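Derivation of every value follows stated rules applied to the coordinates shown; laboratory data play no part. Being a predicted model, the structure only gives us computed values, none of them experimental. Cβ: placed from backbone, ideal geometry, glycine included. Neighbour counts: every protein chain shown.
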Amino acid sequence: MFLRKIVPILLFGSLFTFVTFAQVPYGPIKPTPPGEILSNLHKLNVLGSVLYVAAHPDDENTLFLAYMAKDRLVRTAYLSLTRGDGGQNLIGPEQGENIGVIRTQELLAARRVDGPDQYFSRAYDFGFSKSTDEAVRTWGQDKVLADVVWMIRKHQPDIIITRFPPDARAGHGHHSASGFLAEEAFKISGDPTKFPEQLAFVKPWQAKRVMWNMFIPGQFLSNKKPEEAGNLIGIETGLFNPMLGRSYGEIASESRSQHKSQGFGVPASRGAKVDYLLLKNGDPMEKDPFDGIDLTWKRVARSEGVQGMVTQLIAGYKADRPAASVPALVQLYGALNKLDTTNNYVRAKRQEVQNLLQQCLGLWFETNPVDYAATPGETIKLTTNITGRTDVPVKLVGVRYSAGKDTTMNVTLKPNDVIQYATSVTIPKSQKISQPYWLEKPIVKGVFQVDDQQLIGLPENPPALSASYTFEIDGQRFTFSRPVVYKSTDPVDGEIYRPFIVQPDVTANLTERVFTFSGAPAVAKTAEVVLKAGRADVSGTLTLNVPDGWRVEPASLPFSLKGKGDEQRISFSVSPTAKATNGKLQAVMTTNGGTFTSGLRYVAYKHIPTQTLFPAAEAKLVKLDVKVTAKNIGYIVGAGDEIPAALQQMGCRVTVLGPAELNGNLSAYDAIITGVRAYNTDASLARYQPKLMEYVKNGGTMIVQYVTPNSSFLRTEPPLPPLGPYPFAISRERVTEEDAKMTFVNPQHPLLNTPNKITDADFSGWIQERGIYFAQDWAKEYEPVFSANDQNEAPKQGSLIYAKYGKGHFMYTGLVFFRELPAGVPGAYRLFANMISAGKP
């Protein structure tokens with residue numbers, strides 16, 4: 001708003017020029033610097049809104065978002081169609097919806113840095129897609145289109161901005177689909193006949209225009225569509241904001257670096273940067289994306305005096321004493337209450353004024369439970385702390401808890417005095433378990449199943465327990481709501497905050513995700529179940545339900561857990577009969593309080609609040625016809641996968657190879673495997689490459705799982721060493737259709753015949769994709785094993801290449817074993833068994 005710079009662009013002979021609602025974190029109230037308070041005061045006089053739309057976490061242009069939120073001071077939001085569930089995880093083993101949980105929190109962390117709100121549709125990231133048609137067909141166009149329309153009607157943007165065009169220039173089917181769906185939603189969101197069920201909660205809304213935020217103007221100049229000529233403007237966004245003491249580039253870099261699971265840490269960016277906007281539909285613009293849009297209080301009826309009140313507030317603001325602005329803020333709040341409080345902007349500004357009161361007063365308040373979790377019906381102790389900071393009179397009227405208890409205080413806060421009191425609340429027996437709302441039901445056809453319309457779009461669940469603090473300030477009452485959060489102290493990291501959750505009475509975790517059985521008759525396996533008490537004194541019976549044809553002994557076992565958090569390990573014997581087919585094993589706990597079938601999973605990393613999930617207490621039962629001659633496997637850990645567990649299920653001994661093992665004698669290993677992206681994430685691995693090649697030459701078997709080429713401008717990764725004994729390169733080629741035909745280049749190749757005969761049936765039931773980052777430009781010593789392609793594409797042979805080297809065997813594969821083996825895909829086990837057994841006929 002204050003630092004805008006017009007950048008002229010000469011294009012095709014014509015002259016073109018251009019120029020929160022804060023989502024509450026699960027952490028402490030942080031002090032707001034005086035300069036940021038002043039910026040927030042300026043925002044009170046800006047009535048504009050923008051919705052930015054793309055496909056995944058990390059797609060968003062954090063520089064442009066920071067500029068919109070912190071320079072133009074408009075209400076800004078990022079709508080990511082997916083939660084990034086199909087991405088690869090650089091920091092741990094989570095995949096699918098579990099990595100989606102991590103990336104959701106990373107996006108929220110990014111928004112706390114750059115300022116906008118964060119929203120999602122119900123679309124599931126099913127992996128790389130090559131076309132808009134495939135993406136919308138998989139998701140169901142109407143469902144995700146409805147979500148985009150819902151967010152337009154809810155956020156009421158003046159302008160909509162897409163990160164990607166709705167065509168192949170986007171480079172990814174999800175990317176182009178996000179542009180396509182945003183443009184379609186722009187056309188229909190103002191039509192009350194479209195998705196009329198939403199109108200119980202929102203009104204039709206028509207944005208002024210929709211634009212594409214282009215990466216570089218060359219994309220426009222060299223690939224322009226006929227309808228796109230002459231509608232390009234540029235905005236300098238890399239500006240310095242003296243009130244914040246940072247440039248938007250520096251803010252954007254910090255924001256982007258929150259995407260740690262994807263390895264998107266970037267250096268701080270300083271200096272000039274121009275962003276480009278291409279008008280796709282709506283009213284024409286000449287110099288600015290908000291051309292023709294009134295961003296003042298004139299857009300709200302009977303608000304003539306408000307803008308003047310804000311202007312006086314800004315003029316009278318004292319950076320050394322922000323609390324001096326409190327009386328004027330209270331008066332402004334009263335004036336807003338006389339306007340139409342159903343108006344979106346009036347609601348937004350009332351909330352902004354209330355936030356400013358807390359910031360100017362430095363009010364600090366929070367409520368902490370004695371534990372991070374409770375069960376429905378359990379009574380839990382809470383400690384509430386409230387601190388006044390200034391000599392401005394503030395009375396604490398009382399605190400109300402969402403579980404239904406009120407505490408009346410009527411205490412005047414003194415400067416730097418802490419009011420602390422203990423109480424307890426009982427969690428209602430009807431309270432739902434704190435499972436992320438989008439994971440409560442199974443994913444169906446690429447879409448999360450969410451029945452509650454008002455939950456759609458939210459980044460996470462409403463808090464399981466919240467506290468509302470009512471203060472009287474200058475004669476008016478204000479109520480601030482905050483989640484109740486568990487707080488502990490770490491001797492290194494200090495205060496650690498964690499969301500408070502509601503959990504089941506008892507959960508069960510099976511120690512294996514997949515149980516594989518081979519041979520006739522198959523040898524029984526031990527299924528271990530770890531029970532954990534969600535409350536004290538829980539007991540009952542544990543049963544393992546299995547499909548027909550499977551045996552479990554004993555049929556059931558009792559359990560008894562005395563203390564909350566106590567664990568008990570119980571073992572069963574599981575085996576298939578001749579009639580057994582693949583299926584699921586389910587743990588069922590029966591107590592006098594009901595029946596429970598949930599597991600327990602923590603997603604815990606320092607850069608996000610710990611997330612607690614309650615997946616089904618299940619494991620897969622897979623009856624395999626598989627032979628393995630390799631028994632002693634060395635595994636070099638990569639970016640996180642669960643292949644070692646699958647190897648153990650096949651009867652192999654697995655040793656994780658660290659520096660000590662790699663410096664030792666490698667000849668004892670029948671095969672050595674590198675985890676996915678191992679060479680990308682561990683620069684030291686290059687030092688051991690000559691020794692690994694010597695291991696192969698002397699008769700060893702080595703399998704390198706996929707790595708990514710060193711050509712991403714978004715990442716800084718160690719340069720790849722020569723990966724094999726002979727040269728080959730890594731491409732970005734992939735086959736994304738999980739049912740794509742796999743043609744055997746040489747049906748007699750040993751990898752297809754020994755010790756298991758591989759057939760077309762072994763490629764049934766694969767999930768998400770066939771392979772990624774295929775080999776290319778390989779030396780003549782390599783043999784491709786498969787040829788495969790997506791529809792309407794040329795065949796690709798780089799999914800698995802093999803070479804003999806000396807007495808040994810080397811393989812590079814882009815086949816996604818890291819997805820297929822944990823998913824219990826039989827054919828993937830059989831093929832992988834052949835690969836690790838190449839040196840042990």
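Expressed to the nearest 5 percent, the antiparallel share of DSSP beta bridges inside the range 626-836 is 45 percent.
Sorting 692-704, 338-350 by average packing, meaning the other beta carbons within 10 Å per residue, from highest down gives 692-704, 338-350. Packing, taken as the mean count of other beta carbons within 10 Å per residue, orders the peptides 160-167, 602-609 from highest to lowest as 160-167, 602-609.
Within the straight-line cut-off of under 15 Å between alpha carbons, the aspartates and glutamates reachable from K381 are E366, D371, D406, sequence neighbours fewer than 8 places apart in one chain being disregarded.
Summary of the geometry: the range 538-575 and the range 606-667, compared by the centres of their Cα atoms, lie 25 Å apart.
For the pair K757 and D777, a Förster radius of 30 Å applied to the C-beta separation gives a FRET efficiency near 0.45, rounded to the nearest 0.05.
With a ≥ b ≥ c taken as the square roots of the eigenvalues of the C-alpha gyration tensor of the range 6-295, please select rounded if a/c is under 1.5 and otherwise prolate if a/b is larger than b/c or oblate if it is not? In terms of gyration-tensor shape, rounded.
The length gained by stretching the chain between Q791 and Q449 to full extension, at 0.36 nm per residue less their Cα-Cα distance, is 120.2 nm.
Pairs of Cα atoms under 8 Å, at least six residues apart: use those to get the relative contact order of the range 718-784, whole percent. The normalised contact order for the range 718-784 reaches 56 percent.
Which of the three applies to the range 626-836, rounded, prolate or oblate, going by the alpha-carbon gyration tensor with a ≥ b ≥ c and a/c under 1.5 meaning rounded? It is rounded, given that a/c, with a ≥ b ≥ c, falls under 1.5. Modelled spin labels at L199 and D340, positioned 7 Å past Cα toward Cβ, are 1.7 nm from each other. Counted over the chain, the DSSP beta bridges are approximately 75% antiparallel. Other residues with beta-carbon under 10 Å from the beta-carbon of V310 carry, at +1 per Lys or Arg and -1 per Asp or Glu, a net charge of +2.
With an a/c value of 1.5 or above and a/b larger than b/c for the gyration tensor axes a ≥ b ≥ c computed over the alpha-carbon atoms, the range 302-356 is described as prolate. Ranked by the mean number of other Cβ atoms within 10 Å of their residues, highest first, the peptides 507-518, 271-282 come out as 507-518, 271-282. Tell me the net charge near N698. Cut-off is 14 Å between Cβ atoms, N698 excluded, with +1 for each Lys or Arg and -1 for each Asp or Glu. After counting each charged neighbour, the total is +2.
The calculated FRET efficiency for N281 paired with Q689, based on their beta-carbon distance and R0 = 56 Å, is about 0.60.
Cross-link partners of K807 among lysines, defined as those whose alpha carbon lies under 21 angstrom from its own and excluding same-chain residues fewer than eight positions apart: K631, K691, K697, K780, K840.
Note on K338: aspartates and glutamates with a C-alpha under 15 Å away, same-chain residues under 8 apart excluded, are E304. Cross-link pairs exceeding 31 Å between alpha carbons, from the set K429/K487; K525/K804; K203/K429; K194/K225; K70/K203: K525/K804; K203/K429. Neighbours of E197, meaning other residues whose beta-carbon lies under 15 angstrom from its beta-carbon, give a summed charge of +1 when Lys and Arg score +1 and Asp and Glu score -1. Full extension of the chain between N385 and R347 gives 10.9 nm of extra length, using 0.36 nm per residue less the Cα-Cα distance. When DSSP beta bridges are restricted to pairs lying wholly in the range 6-295, around 50% turn out antiparallel.
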